[in-house]
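The values are calculated or read from the model by the stated rules, or taken from the named source; none is laboratory data. Small disclaimer: the values here were computed from a predicted structure and weren't measured. Neighbour counts run over all protein chains shown; Cβ positions are idealised from the backbone, glycine included. Side chains are part of the model used for accessible areas, which takes the heavy atoms of the whole protein and leaves out ligands, DNA and RNA. Shrake-Rupley method; radii C 1.70, N 1.55, O 1.52, S 1.80 Å.
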Amino acid sequence: EAEDGEADAGGEAMRQQENRLLERLGWEGSGLITLASDGEPGAKSPDREHLKNCIKALALDLDGTLLNSSVAVSPECARAVQAAQASGVMVFLATGKSRAAAIRACSAAGLGGASGVVSKHAPGV
């Protein structure tokens, strides 16, 4: 449960940092973090079928995005990535980590192997 609390605190810190940056830029409206978690106030949420037809690929960074402060992929993140893949979204990793480190981190969360986002037998990360 401490990991969930860390994720909540980290997510809130990212939301606050994004809001400060957007305010300095004169942005009017919600940032991506707010939209992803809350949605635009009063906006109708798109249905899954609409999203399925729109989202074809997802590129994820590892450090600070997919990996938590313990340098691990949380079970919630792993399930979200697996759900995206199951709906036909191609998931790519974009990282400065070594290939071996990316494979190790993702494999520990069940995201390695032939149907995962990393594999020792596939090109890329």
Which ones in region 33-61 are under 30 Å from ALA102 (Cβ atoms), of a type in the set (Lys, Arg) and either at pLDDT 65 or above or in a loop (DSSP other than H, G, I, E, B) (or both)?
-> LYS56
Do you know which of the residues in region 89-109 that are open to solvent by 70 Å² or more (accessible area, probe 1.4 Å) and over 16 Å from ALA72 (Cα atoms) is farthest from the chain's Cα centre (by Cα)?
-> MET90
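Only one of SER30, SER70 is modelled with pLDDT of 85 or more and part of a loop (DSSP other than H, G, I, E, B); which?
Values: SER30 fails: modelled with pLDDT of 85 or more.
The unique qualifying residue is SER70.
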